[in-house]
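See below for the structure under consideration.
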């Protein structure tokens, strides 16, 4: 655990990283790697030196756990679903499903049976991941520290890897459905003949449209990451206050996040629907 | 905040979750919801139909009641008429009977009167003859004077 406030904040924002260190790398305690090997990073420097060949174990673990919680819960209801009077759990699930169904019906006019379950997955998964924020910032890191793990960040959406992972998935779907619905020529036409429908302006169009296309996943991922990360930083800052004063700021901030957390999940879902609807539109 | 393999792991997890949701979560839940919607719609329309049926049945019942009332009043009318006829007829019979009786009585009286007159006439004729005999001091030959006697008797 860290001593100074800066170290404390940095510590709480560092993921548990399992990655490959090259041979000859000098570790935090002065020892030198005799050969390249996969190991847990003990410092932030080590984590960043691992480069791309590393995995955030906490992010992946918690996001997969939340995904399994979502699927397990919904699958549990789906296997016991009744057309009669629903129980409380089934009611909750049905309300969520209906909410997503209405969103898709309003925003997506083409016929694609995949869009609604996709939106449901995104919404509930992100919601659950965001909701991990309600766990006080010190609980899990301290527990992990007791188990010998140097770092542990539990909110996956404060890790850009997680948000970009989802938004890249959405991006691939946008490309896939654009090609499927419009064909290669149609998609190429859309990228090159808009917004200025003249052959001489094709390069300009191409730059503009490709930019618009590429910005979609980036804006999706960064919006979610930025909101969650900033919120997390504030929670950590509040945790630096004396223990008896923390609740005065912590409580309002947590209550505010009751709004922010579903809102960010909703925005991500809604934009996904809108982007995919645009991908299905044939001009 | 390093971008690393987590990105790819996250994308794979996302793809698997979406696949599972599309295949095993979404269809049964929405199917059940649609089935319930249909059930509710059917129930509502059945209720509508039932209330319509009730209305029709009430109307029919009212009609039948009305018809029964009408038939009953017709029957009562007929019965009253029939009773009046019977009373009238029996009055007629009684009157005829009475008249007949009166007629008979009259006839009898008449007969008795005729008999009494005849008897009286005969007696008067005898008395007249007896008187005449006393006057004439002679017996009247009944045969000889029967013509005159008959004439006399006829005059009485």
Difference of contour (0.36 nm per residue) and Cα-Cα distance, residue A:95 to residue A:28: 19.0 nm
Angle in degrees between helix B:26-136 and the longest Cα principal axis of chain B, rounded to the nearest 10: 0
With Cα atoms, 0 to 90° folded angle of helix A:202-238 axis to chain A main axis: 30
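Taking Rh as the Kirkwood radius, which is the inverse of the mean 1/r over Cα pairs, what is the Rg/Rh value for the stretch B:80-140? Let's see the in-between values first.
Values: Rg = 25.3 Å, Rh = 15.7 Å.
In the stretch B:80-140, Rg relative to Rh is 1.61.
Taking N as the number of residues in chain B, what value does Rg over Cα atoms divided by 2.2 N^0.38 Å take? Don't skip to the answer; put the middle values down first.
Working: Rg = 61.1 Å, N = 156, 2.2 N^0.38 = 15.0 Å.
Compared with the compact-globule rule of thumb, chain B sits at 4.08.
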Inter-label distance for residue A:202 and residue A:222, nm, one decimal - labels placed 7 Å from Cα along Cα-to-Cβ: 3.1
Separation in nanometres of the label points that stand 7 Å from Cα toward Cβ, at residue B:133 and residue A:138: 18.3
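Calculate, in nm to one decimal, what residue A:230 and residue A:172 gain on full extension: separation in residues at 0.36 nm each, minus their alpha carbon distance. Please report the intermediate quantities before stating the final value.
Values: separation 58, 0.36 × 58 = 20.88 nm, distance 2.77 nm.
Here the answer is 18.1 nm.
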Rounded, prolate or oblate (a/c below 1.5 giving rounded, otherwise prolate when a/b exceeds b/c) for the stretch A:59-280 by Cα gyration tensor: oblate
Ranking of A:83, A:17 by count of other Cβ atoms within 10 Å, fewest first: A:83, A:17
0 to 90° range, to nearest 10: angle between helix A:57-79 axis and chain A longest Cα axis: 50
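Based on the Cα atoms of the protein assembly as shown, what semi-axes does the equivalent ellipsoid have, where each is the square root of 5 times one gyration tensor eigenvalue, given in whole Å with the largest first? Could you put the intermediate results ahead of the total?
Details: eigenvalues 3408, 159, 54 Å².
Largest first, the protein assembly as shown gives 131, 28, 17 Å.
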Rounded FRET efficiency, nearest 0.05, which uses the C-beta distance separating residue B:63 from residue A:80 and R0 of 56 Å: 0.60
Solvent-free Debye scattering, log10 I(q)/I(0), computed from the Cα coordinates of the stretch A:213-271 at q = 0.26 Å⁻¹: -1.02
Calculated on alpha-carbon atoms, Rg and Dmax of the stretch A:87-199 in Å: 20.4, 66
Residue B:31-residue B:53 pseudo-label distance in nm [points 7 Å out on the Cα-to-Cβ vector]: 3.2
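Can you give me the Rg/Rh ratio for the stretch A:4-143, using Cα atoms for both radii and the Kirkwood formula for Rh? Provide the component values of the computation, followed by the final result.
Numbers: Rg = 21.6 Å, Rh = 18.8 Å.
On the Cα set of the stretch A:4-143, Rg over Rh gives 1.15.
What fraction of the Cα pairs in the stretch B:63-111, stated in percent, has a spacing above 18 angstrom?
Numbers: 701 of 1176 pairs.
Every Cα pair in the stretch B:63-111 considered, those over 18 Å come to 60 percent.
Read-outs: derived from the displayed coordinates by stated rules, not from any lab. Model, not experiment: these values are computed from the prediction. All Cβ positions, glycine included, derive from the backbone under ideal geometry; neighbour counts span all protein chains shown.
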